[in-house]
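The values are calculated or read from the model by the stated rules, or taken from the named source; none is laboratory data. This is a predicted model, so every value here is computed, not measured. Cβ atoms come from the backbone with ideal geometry, glycine included; neighbour counts cover every protein chain shown.
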Amino acid sequence: MMKTKVLSTVRILTFFLVFGMIIYGCDNDLTDNTLYTITFNINGATSGTAPQAQTVKSGSSITLPNGSGFLKTGQSFKGWNTSSSGMGSNFNANSSYIVTGNITLFAKWEISTFTVTFDTNGETSGTTPQAQTVNYNSKIILPNDNNFSRIGFAFAGWNTNSSGTGTNYITGFNFTVINNITLYAKWITVPTVFGAYTNSNLIYGSTYFNTTITFNSNSSLSANWSYSIGGPFSGSYIISYDTLNGYFILTATILNVGNNGGAFNTVTKMFEIVNSNSLRLISSNANILCGNNFNRSN
């Protein structure tokens, strides 16, 4: 009797042991322990290193790396993609990714945009040129001073420093944009030229003659010269800055009477302001040899 009970107990224990092993085996079969590797390709980055590959079990979740540690010149990192062309499936940086197989994820790049801001740097009237936002490595034409001015100063182009001690750029220059930047108006104090300037050796055709031009503080002028009827003639002048050549130009407009006292003629003469005591004639609409200096006579 006792022997029968023992056998029954053994059979029952054996049954549960075998049953448990079967159930355990089935559960084990349902769990996929396959390992997969996720590789990261930084896809043309110009500096830095790719994030380390990750090998995990199938069905695991990983956090996709951000863009720290690598850069691509002129491009912004926009996450990961299943294709190097960026035309596959997109995944955001720092997002969760469920691993279901071996895969390479490629850095997705988009061209960066940058803004050029203009600062008129103390102008007394007018409007600041509008900022321009363009793609990396694009070119913009730097504006002139048509819409702003500063009393007592001439606009001399743009500079990377408000003090004017940085890099200079002339108006109309094709500026290549590679980052965000502020360009400051560069101002130069207008020289004082009030007074009389004389040249006694100016050549008209083959004739030497004396010329005196007096510049007044109200932008008017008077002129006398020894040929024709001599003057005095009236007129006006303006001073501007030649950003290309780097000097001030005085443009004098003189109302002249012809030799026979007939029709009025207007003569325009342009001078480089060498300094406050000397002007160099650089152009004239009359048959006058240029390059001669006018020196202050009073």
Completion exercise
Residues of the stretch 50-95 being outside any strand (DSSP E or B), without any contact (Cβ under 8 Å) to a residue 24 or more places away in the chain and more than 30 Å from S138 (Cβ to Cβ), in sequence order, are P51, Q52, A53, S89
Practice task
For G122, indicate whether it is in the same structural domain as P143 (by TED's automatic domain parsing) and either within 21 Å of I62 (Cβ to Cβ) or surrounded by fewer than 15 Cβ atoms within 10 Å (Cβ to Cβ) (or both).
Solution key: yes
Practice task
Just one of (1) more than 24 Å from F114 (Cβ to Cβ); (2) not in a strand (DSSP E or B) trips up F40, so point out which.
Solution key: (2)
Handout entry: Qualifying positions in the stretch 271-290 - at pLDDT 90 or above and of a type in the set (A, V, I, L, M)
Key = I273, V274, L279
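Looking for whichever is modelled with pLDDT of 90 or more and within 22 Å of M270 (Cβ to Cβ) here; the options are G166, G195. Which one fits?
Residue meeting the stated conditions: G195.
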Practice task
Tell me which of these I239 doesn't satisfy, since it passes every other one: (1) under 30 Å from I140 (Cα atoms); (2) at pLDDT 85 or above; (3) among the hydrophobic types (A, V, I, L, M, F, W, C); (4) part of a loop (DSSP other than H, G, I, E, B).
Solution key: (4)
Handout entry: Selection within the stretch 108-156 - of a type in the set (A, V, I, L, M, F, W, C), out of contact with any Pro (no Cβ under 7 Å at 6 or more places or on another chain) and not in a loop (DSSP other than H, G, I, E, B)
Key = W109, I111, F114, V116, V134, I140, I141, F148, F153, A154, F155, A156
